[in-house]
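Q: Mind having a look at this structure? Questions to follow.
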Amino acid sequence: MEAPQPIIAIRQVSKAFPGVQALKDITIDVLPGELHAICGENGAGKSTLMKILSGVLTDYQGDLILEGKPVRFGGTRDAEAAGVSIIHQELNLVEQLSAAANIFLGREIRGWLGFRDDRAMDEAAGRLLHELECDVSPRALAGSLRVGDQQLIEIAKALSLQSDILIMDEPTSALTEAEVSRLYRVIERLRKRGVTILYISHKLEEIFHLSDRITVLRDGKLVKTLNKKETTSKEVTHLMVGREIEAIDFGNQRKTGDVLLRIESLSIPWPGHARGWRLKDVSFELRRGEVLGIAGLMGAGRTELLECLFGAAAERPTGKIELLGQPVSFRHPREACQSGVALVTEDRKRLGLFAAMNVGENISICTLGETGLAGFINRSREWQMAGATSEQLAVKSSGLSAAITSLSGGNQQKCIIGRWLQTQPQVLLLDDPTRGVDVGAKAELYRLIDGLVRGDKGSGGIGVIMTSSELPELLTVCDRILVLSEGRLTATFSRAEATEHKIMEAATLRGAGFQPVNGESFGETDE
Amino acid sequence: MSPPLAHARRWALPFNELALLVAIVVVAGITAAVDSNHSYIFDPLTSVRDIARNVALLGIFALGAAVVIISGGIDLSAGSMIAFSSTICASTMMLLVPQTMMNMQPVGLLVASAGVLAAIISGVLVGTLHAWLITSVRLPPFVATLATLVGLRSFARAFCGYITAKTLGGSGNTEINVYDPYFKFMRDEVWVVYVPTFLALAAFTYVLLNYTVLGRHLFALGGNEQAARLSGIRTDAVKWFAYCFSAVTAAIAGVFYMADQSVASPVNQGVGYELNAIAAAVVGGCSLQGGIGTVPGVILGVVFLRVVIDSVAKLIKSGSDIYEGMIVGVVVVVAVTFSQLRQIRASGGELFPGKLGLLAIPTLSGMVGIITAMTTANVPYLKGWDLVIGAAAGLLTLAALSITKWVESQRQSK
């Protein structure tokens, strides 16, 4: 095969963040018109590379060659002018503006005397959206739309720019099955127009369905670029993980004890939203010595459920929560802490870490009062306690005084889990605990969770509720899996009966009057 | 990982503090040499006393400003709080002993203490109001304290008129004179009252920030409010403390300013002082993003600011107070620019990027030229040379900044 000139050539691109080498010497050729998949585990550097390509990150080493000419984007505008658009995983829409205004943001159509021409923009936006099988009004506020439609607005924006190169960063992570197949059709249409697509994903099924070539990244390094026809998903998995995935065997079945937590018809309202609730009539119980998994798409209410159990919900929930047989209603996380509930938050950087503090201070923040008397901190006691925790969890750092930001994602996560273990919780809530954590550290975290519920660290066995955006993880770690869809509990599976397929089916159930997929349904379907 | 090693970091004076210490010595040295009276050399005690008084007065409420800034907030109301507290102090005494106050007689320890106590309580009340506005009404701290910055001064002025009209009859006064010897003693014996109060407050703040749970929670709140709340920290209570501390320190400063001027004057006292306090905290290394700051840094920031102001006063001799705001502004910009410079460079940024940088260079040079010309016009032995010196300073700056820009653009194109 005579290789045509690449439309983008990435040459020895490297990027370091404080404490992390995010990318190292990446060289990739992207051919015109192809769908090139970039895959890798969380934290492999996929998103960083795409941010460089789209001008979001301007400070890096190495070169980009666009159609034979070296370029260096000074910002997203430069990249857009050169024909490169990106659809971010976290969508970048101004929620208070209409769909049309978002599509033409920064490139508003001008009319008479240079005034804004809203009508022309609405019409143009309507045409673009129609082409994408999206039937929302161009005047609808972006914030009121479903995630799938919001994503199409971003794609419409890229189309209106006449981009030759479109980067899609994990576009299906929040979509229902119907929306995914619509996205596939849109991608097909874009390819017919000759648009080159860089498709970031770690879902092999998608990659093999769509792509021509596949580039695998691991730990910021390029592993290999493969032709789809000449490879198998087994090979790609192997390359992504870097070793055979060891089957983690936790030995014999866990023994569950008394009921720690009982939730009855828990609902959280969502004022100002079309759905009206974040959670609706959720009921379940958690026993001592059990790991309960919560599955669901983005926006299904996983995080809201955990926050609510921790007293951190923005709206007041209704329903009953019983902790060890006592009804509780936490108004503040402090009350939850004191009653023995702990929450490790989903977004470590935004909701968990104190970046200006060191490792020891990050571990001790919840238990400072226990170090000394009358509100004083006993520094050496603090350090002793933090040191013990850090040793117990095998945190790799250059010491307790090291900056927390100098640690890898997995070790930062261990520090935060350690912070909560110091409070000796009965119920540990883990919200997507392995996000941005490398494969090796993931296995360590799984073992840690297993040890905690079994109580072989002398902590007497606790109950864990964890969510994850990765189903295999839940299938590995959990005894039972609850599935949420649009705030409702749609299914419960025991470890034996759960499969990825069944869970996905339950997670994409929509609308009223649906039948529970399997097992008993706890959600009342009263509509 | 042993504790002694862990604590080493806390004792070492960081770069910022060392730089400030050097800057203070350099400025004082230059002033001692250049001042035509050489008052730093011939009469050091008077100079030290003047600076100590001003450092103590500013330092007291700069500590309060720093605590709020560390907690991730901002308190713009300190200047008005000073006027408010001095008015409350004087009004309380007026209410208790109107005749004595009017006849310029001593009011006695009990009444004076009641006045001071009322002023401090007024600080707690204002701090509580701020905390309520910020946590319950969810106003941004900037807006909440901007409202009291404007409101409290006017309130104090009206209150002063109301109380004086009530107690003395007539249409009320805009000021209340205070002749009590206790307050005169405060004013005259700088080393007995002002300075020890400041040092005690500084020691209290130091212990608070470094050795208490509340102190750590202040840093946590400023560093990441969401994470602090989700770690079970009662962020509302921590905020209440921060704003009360700030208002109470300003209230104490208010009593001292009243003593210093023998009058409670709501219209004139403490105008614009809130910015001096914030400036001192920022020069001392507090980050306005919150979560970063030290007590030694704030103290050095206050000392540096006052030494520079005093130095200009020594050089210009008369009418230097009109330059005070300008000096504070320049000191803040220069100090913060230097501390930012390393970070900007490290991230590959430029001090004068693109067209904006090109515009900034003549703007800065022009300002340096004009400021130099204006100030040298008042220096006795430079009389008549102001335009020449100003032009020279402007051109030198222009040359220096242009070279910086050129070097930066060379590096960038590489």
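Q: If you split all Cα-Cα distances of the range A:8-241 into 10 Å bins from zero, what percentages do you get per bin, shortest first?
A: P(r) over the range A:8-241, rounded to whole percents: 8, 32, 35, 20, 5, 1, 0.
Q: For a protection proxy built on the mean count of beta-carbon atoms within 10 angstrom, sort B:387-394, B:119-126 highest first, please.
A: Put in order of decreasing packing, that is B:119-126, B:387-394.
Q: Report ³J(HN,Hα) in whole Hz for each residue of the range B:176-184, in order, from the Karplus equation J = 6.51 cos²θ - 1.76 cosθ + 1.60 where θ = phi - 60°; Gly and Pro get x.
A: For the range B:176-184, the Karplus curve yields 10, 7, 10, 10, 4, x, 4, 6, 4 Hz.
Q: Taking the alpha-carbon distance from A:Lys396 and a cut-off under 18 Å, which lysines remain once sequence neighbours fewer than 8 residues away in the same chain are dropped?
A: Partners within reach: A:Lys414, A:Lys442.
Q: Under the definition of Cα pairs under 8 Å and six or more residues apart, what whole-number percent is the relative contact order of chain B?
A: After rounding, I find 25 percent.
Q: As an exercise, identify the trypsin sites (Lys or Arg not before Pro) in the range A:1-109 lying in DSSP coil whose Cβ has no more than 16 other Cβ atoms within 10 Å.
A: In loop regions of the range A:1-109 (DSSP not H, G, I, E or B), the sparsely surrounded trypsin sites (Lys or Arg not before Pro) are A:Arg72, A:Arg107.
Q: I've got another one for you. Sort A:443-455, A:335-347 for me by packing, meaning the mean count of neighbouring Cβ atoms within 10 Å per residue, highest on top.
A: Ranked from most to least packed, the peptides come out as A:335-347, A:443-455.
Q: Along the range A:321-331, what does the Karplus equation 6.51 cos²θ - 1.76 cosθ + 1.60 (θ = phi - 60°) give for ³J(HN,Hα), rounded to whole Hz, x for Gly and Pro?
A: 10, 10, 10, 6, x, 9, x, 10, 8, 6, 9
Q: Moving on to the next point. Fewest Cβ neighbours within 10 Å first, please rank A:Arg495, A:Arg331 accordingly.
A: A:Arg331, A:Arg495
Q: For the protein assembly as shown, I need the span (max minus min coordinate) of the C-alpha atoms along each principal axis, in Å, sorted largest to smallest.
A: For the protein assembly as shown, the Cα extents along the three principal axes come out at 96, 70, 61 Å.
Q: Follow-up. Can you pull the mean other chain C-beta count within 10 Å for peptide B:216-226?
A: The mean count of partner-chain Cβ atoms within 10 Å per residue comes to 4.
Q: Let me ask something additional. Give me the distance in nm between label points sitting 7 Å out from Cα along the Cα-to-Cβ direction at A:Arg275 and A:Glu205, one decimal.
A: Result for the modelled spin labels: 2.1 nm.
Q: Using modelled backbone amide H atoms (1.01 Å from N, in-plane), which distant-in-sequence or interchain residues come within less than 5 Å of A:Leu97's amide H?
A: Here A:Ala142, A:Gly143 satisfy the definition.
Q: By counting other Cβ atoms within 10 Å of each Cβ, how are B:Phe15, A:Phe284, B:Phe183, B:Phe84 ranked from fewest to most?
A: Fewest-to-most ranking of B:Phe15, A:Phe284, B:Phe183, B:Phe84: B:Phe15, A:Phe284, B:Phe183, B:Phe84.
Q: Please report, largest first and rounded to whole Å, the three semi-axes of the ellipsoid equivalent to the range B:13-349, where each semi-axis is the square root of five times an eigenvalue of the C-alpha gyration tensor.
A: Listed largest to smallest, the semi-axes of the range B:13-349 are 33, 28, 16 Å.
Q: Most exposed first by the Cβ proxy, i.e. fewest other Cβ within 10 Å, how do B:His217, A:His202 rank?
A: Exposure proxy ranking, most exposed first: A:His202, B:His217.
Q: Now for a different question. Over the range A:249-337, what relative contact order in percent results from Cα pairs under 8 Å that are six or more residues apart?
A: For the range A:249-337, the relative contact order is 34 percent.
Q: Here's another thing I want to ask about it. What does the structure give for A:374-386 when I average, per residue, the other chain Cβ atoms found within 10 Å of the residue Cβ?
A: 4
Q: How would the range B:328-374 be classified by its alpha-carbon gyration tensor: rounded, prolate or oblate, with rounded meaning a/c under 1.5 and the a/b versus b/c comparison settling the rest?
A: Here the range B:328-374 falls in the oblate category.
Q: Can you list the HN-Hα couplings for the range B:67-82, worked out from phi with the Karplus curve (6.51, -1.76, 1.60; θ = phi - 60°), rounded to whole Hz and with x for Gly and Pro?
A: These are the phi-based 3J(HN,Hα) values: 4, 5, 5, 4, 7, x, x, 8, 10, 8, 8, 3, x, 5, 5, 4 Hz.
Q: In this model, which of A:Lys15/A:Lys51; A:Lys46/A:Lys192; A:Lys203/A:Lys228 are farther than 20 Å apart at the alpha-carbon?
A: A:Lys46/A:Lys192
Q: Starting from the Cα gyration tensor of the range A:302-378, multiply each eigenvalue by 5, take the square root, and state the resulting semi-axes largest first in whole Å.
A: Working from the Cα gyration tensor, I get semi-axes of 26, 18, 9 Å.
Q: Let me ask something additional. If you restrict to DSSP beta bridges whose two residues both lie in the protein assembly as shown, what percentage is antiparallel, to the nearest 5?
A: Approximately 55 percent, going by the DSSP bridge assignments.
Q: Ok, one more. Regarding the range A:348-423, what's the average projected area of the Cα-atom convex hull, expressed in nm²?
A: Computing the convex hull of the Cα atoms and averaging its projections yields 4.6 nm².
Q: Per DSSP H run of n ≥ 4, the term is -39500 (n - 2.57); total these for chain A, divide by its residue number, and report the mean residue ellipticity at 222 nm rounded to 500 deg cm²/dmol.
A: -8500 deg cm²/dmol
Q: Can you spot the lysines whose alpha carbon is less than 20 Å from B:Lys355's alpha carbon? Ignore those fewer than 8 places along the same chain.
A: Candidates past the 8-residue exclusion: B:Lys405, B:Lys414.
Computed from the coordinates by the stated procedures, all read-outs in this text should not be read as laboratory data. Everything numeric here is computed off the predicted structure, so don't read it as measured data. Here the Cβ is made from the backbone with ideal geometry for all residues, glycine too, and neighbour counts use every protein chain on show.
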